[in-house]
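Q: The following block contains the structure, expressed as structure tokens.
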Amino acid sequence: MAPAFVLHLHRRPRPHFDLRLEEGGVLRSWAVPRGLPDTPEQNRLAITVPDHDLAHLRYEDADKSIADIGTWEEHDRTDRRMLFTLHGRAGSRRYALIRTADGWLLHLTREQPPGRA
């Protein structure tokens, strides 16, 4: 079975998204203050946050809701970059998490899975 992902919308302390990828029995997590990029020309800051328990996958409360959920697949990984596809409710999109001197950037790749407009 493919590993899961969830994109949480947090409304506090200020609105932001949390991208969580199932890996090694936990949800690896990044806060993405401005949301996932819509075009390859945009890069979004992605701040590493502590891993979460797998029970957090479907967690929602008054300040947190699920913006998207599904599975993900890794295509390539080095110490500086991870290339992966999220298979969510609205379809599939391929991203790269890129390590910088200051943290991480989330990038929507130019090459997208077949069938994606």
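Q: Would you mind pulling out the separation of the Cα centroids of segment 71-117 and segment 1-31, in Å?
A: 14 Å
Q: Provide the packing ranking of 6-19, 97-110, i.e. peptides ordered by the mean count of other C-beta atoms within 10 Å per residue, highest first. Don't jump to the answer; show the numbers that get you there.
A: Details: 6-19: 16.6, 97-110: 14.9.
For the peptides 6-19, 97-110, the packing ranking is 6-19, 97-110.
Q: Another one. Name the GluC sites (Glu not before Pro) in segment 52-117 that are in a loop by DSSP and that have at most 16 other C-beta atoms within 10 Å, would you?
A: Values: sites: 60, 73, 74, 111; in loops: 60, 111.
Within segment 52-117, the qualifying GluC sites (Glu not before Pro) (loop, at most 16 other Cβ atoms within 10 Å) are 60, 111.
Q: While we're looking at this one, here's another question. I need the shape label for segment 54-116. Rule: rounded when a/c is under 1.5, else prolate if a/b > b/c, else oblate, with a, b, c from the alpha carbon gyration tensor. Don't skip to the answer; put the middle values down first.
A: Working: a/c = 2.18, a/b = 1.30, b/c = 1.68.
Since a/c reaches 1.5 but b/c is at least a/b, the shape of segment 54-116 is classed as oblate.
Q: Could I ask something else about it? Quick check on the exposure proxy: order 95, 59 from fewest to most C-beta atoms within 10 angstrom. All intermediate terms of the calculation are to be shown ahead of the outcome.
A: On the way: 95 21, 59 15.
By the 10 Å Cβ count, ascending: 59, 95.
Q: Rounded, prolate or oblate, given the Cα gyration tensor of segment 4-108, with a/c below 1.5 counting as rounded? Write down the numbers at each step before the final one.
A: Details: a/c = 1.39, a/b = 1.25, b/c = 1.11.
Cα axes put segment 4-108 in the rounded bin.
Readers should treat all values here as calculations from the given coordinates under stated rules, not as data from a laboratory. Not measured: the values here are computed from a predicted model. A quick note on method: Cβ atoms are made from the backbone with ideal geometry, for glycine too, and the neighbour counts reach across all protein chains shown.
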